[in-house]
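Comments concern the structure below.
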Amino acid sequence: MARRRVLSRLGFVVGLVAAPFAMQALTGEPVAQSVSGNIPLMVASGLLVGFGAARGGGCTSGHGVCGLSRLSTRSLVATITFMATAFVTVFLVRHVIGG
């Protein structure tokens with residue numbers, strides 16, 4: 001059992017490292033990531049994420065990865081809520097506010 005646990009964790013880490021390389025190989029484009037330089041915005045965002053994780057009984061990735069793999073209805077509803085909120089936020093910031 002311990003060997004299986006180690007192998008699954010190792011597979012997860014290998015996937016995290018390999019995913020950007022696989023994406024670049026498939027698209028031919030380098031994978032770019034940026035982080036905002038707006039410190040107050042980042043602090044507020046981090047606090048909101050922490051509050052949401054505590055209030056929601058788990059973090060977004062916990063519900064999205066672990067909860068969905070366990071076929072948890074609660075995690076499905078939480079993930080749909082997170083994704084819908086993200087879609088609306090991106091739309092507002094990019095198309096309404098103009099960020």
message: Checking the structure you have, find out if any residue of the range 33-40 is among the hydrophobic types (A, V, I, L, M, F, W, C) and modelled with pLDDT of 85 or more.
response: yes
query: Listed residues THR73, THR60; which is closer than 27 Å to SER8 by Cβ, among the hydroxyl-bearing types (Ser, Thr, Tyr) and at pLDDT 90 or above?
result: THR73
- prompt: In the range 5-34, what residues are touching a helix residue (DSSP H, G or I) at 6+ places or on another chain (Cβ under 8 Å) and among the β-branched types (Val, Ile, Thr)?
  reply: VAL31
statement: Filtering the range 19-37 down to residues that are more than 28 Å from ALA78 (Cα to Cα), surrounded by 10 or more Cβ atoms within 10 Å (Cβ to Cβ) and of a type outside the set (Phe, Trp, Tyr) yields ALA22, GLN24, VAL31
- request: Examine the range 70-87 for a residue that is in contact (Cβ under 8 Å) with a residue 12 or more places away in the chain, not in a helix (DSSP H, G or I) and not β-branched (Val, Ile, Thr), and state whether such a residue exists.
  value: no
query: Identify, please: which residue in the range 46-63 is part of a loop (DSSP other than H, G, I, E, B) and under 14 Å from the mean Cα position of the chain (by Cα) and is, among those, farthest from LEU16 (Cα to Cα)?
result: GLY58
- line: Quick count over the range 27-71, residues being of a type outside the set (Gly, Ala, Ser) and within 16 Å of PHE82 (Cβ to Cβ), is 10
- prompt: If you take the residues in the range 30-45 that are part of a loop (DSSP other than H, G, I, E, B) and over 14 Å from the mean Cα position of the chain (by Cα), which one is nearest to PHE12 (Cα to Cα)?
  reply: VAL31
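The values are calculated or read from the model by the stated rules, or taken from the named source; none is laboratory data. All values reported here derive from a predicted model rather than from experimental measurement. When we count neighbours, we look across all protein chains shown, and the Cβ atoms used for this are built from the backbone with ideal geometry, even at glycine.
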